[in-house]
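S.K.: Quick one: this structure, given as structure tokens, is what I'll be asking you about.
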Amino acid sequence: MNSMVLSKEVTYVFKYAGDTGYSHHFIDNIEGRRYISEDLQDPRMAQPQQFKGTGKSESTIEAVLVAERIMREIPDSDGGVETYLLYFLPDINIYVSALHSTWYDTAGLNVLRFLD
């Protein structure tokens, strides 16, 4: 039996409204399948994806913002805006979505979450 090893393939950079998010992708040595991990240093909990990697050397790529759609807007002073974002990953020719949330509270919290 072979031992599966994950190695770093790419970090995608997602930018929107002055915020930046990162998605770290690894590739396995058996299938060449992509895995996504929140932790760049420790991919043991990386989640498998339904697509293969490129097999190229480790790189950083800026995802291309293709479209945006406001999903929810709360107008009061404690409200905020949630925006659906569609990005294109040019190295693997795949679209992925993210959700950007901006809250108008005193903390000024902005969150960029990846949906798929």
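The values are calculated or read from the model by the stated rules, or taken from the named source; none is laboratory data. Quick caveat, the model's predicted, so the values are computed rather than measured. We place every Cβ from the backbone using ideal geometry, glycine too, and count neighbours over all the protein chains shown.
S.K.: Restricting attention to the range 41-62, report how many residues are at pLDDT 90 or above and in contact with a Leu (Cβ under 6 Å, 6 or more places away or on another chain).
M.R.: Looking only at that region, the number is 0.
S.K.: What residue, of Ile70, Ile61, Ile74, is surrounded by 14 or more Cβ atoms within 10 Å (Cβ to Cβ), within 25 Å of Leu99 (Cα to Cα) and of a type in the set (Val, Ile, Thr)? Quick ask: steps written out before the conclusion?
M.R.: Working: Ile70 fails: surrounded by 14 or more Cβ atoms within 10 Å (Cβ to Cβ); Ile74 fails: surrounded by 14 or more Cβ atoms within 10 Å (Cβ to Cβ).
When all the criteria are applied, what remains is Ile61.
S.K.: Quick one: how many residues across the range 1-41 are among the aromatic types (Phe, Trp, Tyr) and farther than 21 Å from Thr54 by Cβ?
M.R.: 1
S.K.: Now a separate question. Of all residues in the range 67-87 being at pLDDT below 90 and part of a strand (DSSP E or B), which is nearest to Phe14 (Cα to Cα)?
M.R.: Ranking the qualifying residues of the range 67-87, first place goes to Glu82.
S.K.: Can you name the residue in the range 30-58 that is of a type in the set (S, T, N, Q) and either touching a helix residue (DSSP H, G or I) at 6+ places or on another chain (Cβ under 9 Å) or loosely packed, with under 12 Cβ neighbours inside 10 Å (or both) and, of all such residues, is farthest from Leu6 (Cα to Cα)?
M.R.: Top of the filtered list is Gln50.
S.K.: Does the range 31-66 hold any residues that are closer than 11 Å to Glu9 by Cβ and charged (D, E, K, R), and which are they?
M.R.: Arg33, Arg34, Lys52, Lys56, Glu58
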